[in-house]
Amino acid sequence: METRNELSLAAEHDSVKKPRVKRSLPTFFGPLVALVLLMVFLSFLSPNFLTISNIFNIGQQVAILGVLAIGGTAVIILGGIDLSVGSVLALSGAFVGVLHINMGISVWVAALSAIVVGLLCGVVNGGLIVWGKLPPFIATLAMMSVARGLALVVLEGRPLSGYPKGFRNLTTFYIGGWLPTSVIIAVVLMILGGLYFAFMPSGRSLFAVGAGYEVSRLSGVPVKRLTVAVYACAGVLAAIGGIMMTSRLGSAQPTAGTGIELDVIAAVVIGGASLTGGYGSIAGTAVGVLIIGVLRNGLNLLNVSSFWQQVVIGAVIALAVLVENARQSQEAKARTKS
């Protein structure tokens, strides 16, 4: 019964959200063009930018951000926000370190335990929002502080290193000598996320809930269950990011992932998602992730300080939101005329 309601609501959502005028280009087309122009521009400024090794280096650098951004996309489509992913990443990595290094448990069992930790953090986030009636900003802000504090407690404020080669190869091995395994993990998870949004009834329902929570609830969509599930998935993906970062660094760091939640939000917004919910795509998020990675890499090659990098990325986020607002305004006018 719920599935039929979800399908009918998703179909209704499609008719509401999409204007009757035919959309000729995908929403991420603009960011994709911006990405190409940015790469061309940087290739002129730095001869080392457009090389095979540097391109895959960018992929290696943004792989973890890409994994976290999948959950961030779902949360923002739902109309929420998740500020805790960076801290959950650190807490999950801390569990891997403590369970394996201090307690001698298999590193793979420790990694599975870390995923459970991420799942619990996500469920708590969702529970605070659904049953605690807390705004997503406050609930995830609280979890950000709690998870970061627990990471510091568990690791006693210091990093833990000494992982087996097989675990390090999870993210540092290069297939054929050029393709990082971390990029493969990120791409596979993004494809799965894209398929979920495109073909699963619950995935389509996320757009409807983001566009109209009360309408969706009255139509029979299990909005509470969906909300908890989305934040739980975001927690799991943050944990996977924590495992990947521990593998890549060869060390569990209590300060790992500091500030990455802002990069996740930026990537999703740059990719065309609406912070008011109901809009977004994995393809757009992938483009947003690459824009951030290319920007950071290019600015590093040009020896621009990290302080100015934050200024540039902030300006790009503001520009992306302005463009998105203008696009939505045009679509609203088109719907009115039709």
Hits in the range 43-71 (condition: assigned to a helix (DSSP H, G or I), open to solvent by 20 Å² or more (accessible area, probe 1.4 Å) and among the polar types (S, T, N, Q)): 43, 53, 57, 61
For the range 143-157, which residues satisfy the criterion of being surrounded by 13 or more Cβ atoms within 10 Å (Cβ to Cβ) and without any contact (Cβ under 8 Å) to a residue 24 or more places away in the chain? 149
For the range 107-135, pairs from a residue that is over 16 Å from residue 90 (Cβ atoms) to a residue that is among the polar types (S, T, N, Q) and open to solvent by less than 70 Å² (accessible area, probe 1.4 Å), with Cβ under 7 Å and 6 or more apart or across chains, are 126/227; 129/227; 130/227
Residues (touching a residue at least 24 places away in the same chain (Cβ under 8 Å) and among the aliphatic types (A, V, I, L, M)) located in the range 192-207: 206
Restricting the search to the range 213-232, which residues are more than 22 Å from residue 119 (Cβ to Cβ) and open to solvent by 20 Å² or more (accessible area, probe 1.4 Å)? 213, 214, 215, 217, 218, 219, 220
When residues of the range 254-265 are filtered for being surrounded by fewer than 22 Cβ atoms within 10 Å (Cβ to Cβ) and part of a loop (DSSP other than H, G, I, E, B), how many remain? 3
Which numbered condition residue 247 misses (of (1) more than 19 Å from residue 183 (Cβ to Cβ); (2) at pLDDT 90 or above): (1)
Looking at the range 152-173, can you tell me whether even one residue there is within 20 Å of residue 76 (Cβ to Cβ) and at pLDDT 90 or above? no
When you scan the range 295-328, how many residues do you find that are open to solvent by less than 30 Å² (accessible area, probe 1.4 Å) and modelled with pLDDT of 85 or more? 4
Would you check if residue 134 is outside any helix (DSSP H, G or I) and surrounded by 16 or more Cβ atoms within 10 Å (Cβ to Cβ)? yes
Determine whether residue 228 is β-branched (Val, Ile, Thr) and in a helix (DSSP H, G or I). yes
Give me the residue from the range 187-201 that is in a helix (DSSP H, G or I) and open to solvent by 50 Å² or more (accessible area, probe 1.4 Å) and, out of that set, farthest from residue 53 (Cα to Cα). 199
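Here is a check on your reading of the model: is residue 112 modelled with pLDDT of 95 or more, buried (at least 19 other Cβ atoms within 10 Å of the Cβ) and of a type in the set (A, V, I, L, M)?
Answer is no for this residue.
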Restricting to the range 158-186, and then to whatever is in a helix (DSSP H, G or I) and farther than 21 Å from residue 94 by Cβ, can you tell me which residue is most open to solvent (accessible area, probe 1.4 Å)? 165
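Specify the residue that is farthest from the chain's Cα centre (by Cα); the eligible residues are those in the range 78-108 that are in a helix (DSSP H, G or I) and more than 17 Å from residue 236 (Cβ to Cβ).
102
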Of the conditions (1) open to solvent by 20 Å² or more (accessible area, probe 1.4 Å); (2) assigned to a helix (DSSP H, G or I); (3) more than 25 Å from residue 64 (Cα to Cα); (4) touching a residue at least 40 places away in the same chain (Cβ under 8 Å), residue 210 clears all except one; give me its number. (1)
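Each row is one residue, and each column tells you yes or no for (1) assigned to a helix (DSSP H, G or I); (2) within 26 Å of residue 148 (Cα to Cα); (3) within 21 Å of the chain's Cα centre (by Cα); (4) free of Cβ contacts under 8 Å to residues at least 24 places away in the same chain.
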{"residue": "240", "(1), (2), (3), (4)": "yes, yes, yes, no"}
{"residue": "245", "(1), (2), (3), (4)": "yes, yes, yes, no"}
{"residue": "279", "(1), (2), (3), (4)": "no, no, yes, no"}
{"residue": "287", "(1), (2), (3), (4)": "yes, no, yes, no"}
{"residue": "296", "(1), (2), (3), (4)": "yes, yes, yes, no"}
{"residue": "304", "(1), (2), (3), (4)": "no, no, no, yes"}
{"residue": "312", "(1), (2), (3), (4)": "yes, no, yes, yes"}
{"residue": "315", "(1), (2), (3), (4)": "yes, no, yes, yes"}
Restricting attention to the range 266-294, which residues are open to solvent by 20 Å² or more (accessible area, probe 1.4 Å) and under 18 Å from residue 30 (Cα atoms)? 275, 279, 281, 283, 286, 290
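The values are calculated or read from the model by the stated rules, or taken from the named source; none is laboratory data. Predicted, not measured: the structure shown is a model, and the values here were computed from it. All Cβ positions, even for glycine, are placed from backbone atoms using ideal geometry, and neighbour counts span all protein chains on display. When the accessible area is computed, the model is the full protein with side chains, heavy atoms only, and any ligands, DNA or RNA have been set aside. Shrake-Rupley method; radii C 1.70, N 1.55, O 1.52, S 1.80 Å.
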